[in-house]
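All remarks here apply to the structure that follows.
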């Protein structure tokens, strides 16, 4: 069954009425994630875009058709580990899933996530990476890219956007030997679905799925460009699609197919958060993009 027919045959477990922004890829990713995992799923969604959009519900009504709880911003993984331990006593096949933003993952929640990986808690942790704290006014996070203008790294006489580079959380979890690590893009849906299906079969430790979800509101671009931006991120190797399992890296088909990468400047152009960058700034981003590709290529070849 092809990806379109498979998704059409699966129940949509997210309300059609949540209030995400137009072009929100985080909503699309959550819908597909739950379609793949099915009703035997328990969800935790910490404060962030999806909680604010209504996934946690309104007036005691849920925004999803599976049990859902809102942890604190920093303890999604630890709370989920406790939920999974309880479910293991009655039904070990229940998927216990966190759907957290990059701020609640790469920054505030990193300690709990790392501890869950070290304990080999059999949970599925999903990072909705839109590269900033979008729900509270576009503050920079650990995964905000170099040079990006945010409300806490403004551009002006004293500022040129974020100084440091994006924190590589998937690689951090792989180096910690999490049971399964994968990077995903909803712009490449067949790859996305296949990885979620594989994740559902892992029973020997923490699964970490890192999804790059373009945010038209925070990135400063048209909502109609979300899918194209996701593709440009992959085609330029700005966002690398790969899997890690049992000390082995495998580069995923959409990234492996890129023989002549799109210039990363083509991905950057048209996003208001990068409008101030000079060519020398873009060259610096190109350098880091190339370094990360070279590193992954070596790891996948070993």
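Computed values, structure above
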read-out: The stretch 1-158: proportion of alpha-carbon pairs further apart than 27 angstrom, %; value: 27
read-out: Fully extended contour minus Cα-Cα distance, from residue 152 to residue 118, at 0.36 nm per residue; value: 9.0 nm
read-out: Zone residues, the stretch 105-137, relative to residue 177, backbone N less than 15 Å from point 7 Å out along Cα-to-Cβ; value: 117-121
read-out: Theoretical gain in end-to-end length, residue 40 to residue 297 [0.36 nm per residue, Cα-Cα removed]; value: 88.8 nm
read-out: Residues residue 93 and residue 6, FRET efficiency given R0 of 22 Å [Cβ-Cβ distance, rounded to 0.05]; value: 0.60
read-out: Cα gyration tensor category, rounded, prolate or oblate, for the stretch 226-302 with a/c compared to 1.5; value: prolate
read-out: Pairwise centroid distance, computed over Cα atoms, of the stretch 230-259 with the stretch 176-207, Å; value: 13
read-out: Evaluated over the stretch 80-174, the Cα radius of gyration and Dmax, each in Å; value: 16.4, 60
read-out: Structure-based [θ]222 nm, the chain - -39500 (n - 2.57) summed over DSSP H runs of at least 4, per residue, nearest 500; value: -10500 deg cm²/dmol
read-out: Antiparallel DSSP beta bridges within the chain, percent to nearest 5; value: 30
read-out: Estimated translational D of the stretch 203-253 in µm²/s (Stokes, Kirkwood radius over Cα pairs; 4 °C; 1.567 mPa s); value: 100
read-out: For the stretch 37-101, alpha-carbon Rg relative to the globular expectation (2.2 N^0.38 Å, N residues); value: 1.08
read-out: With eigenvalues of the C-alpha gyration tensor scaled by 5 and rooted, the chain, Å; value: 29, 22, 19
read-out: Degrees separating the helix 189-201 axis from the principal Cα axis of the chain, which is the longest one; value: 40
read-out: Size-normalised alpha-carbon gyration radius of the stretch 168-252, reference 2.2 N^0.38 Å; value: 1.15
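We did not get these values from a lab; they are worked out from the coordinates using the rules stated. Nothing here was measured: the structure is a model prediction, and the numbers come from that model. No Cβ is skipped: glycine too gets one built from the backbone with ideal geometry, and neighbour counts run over all protein chains shown.
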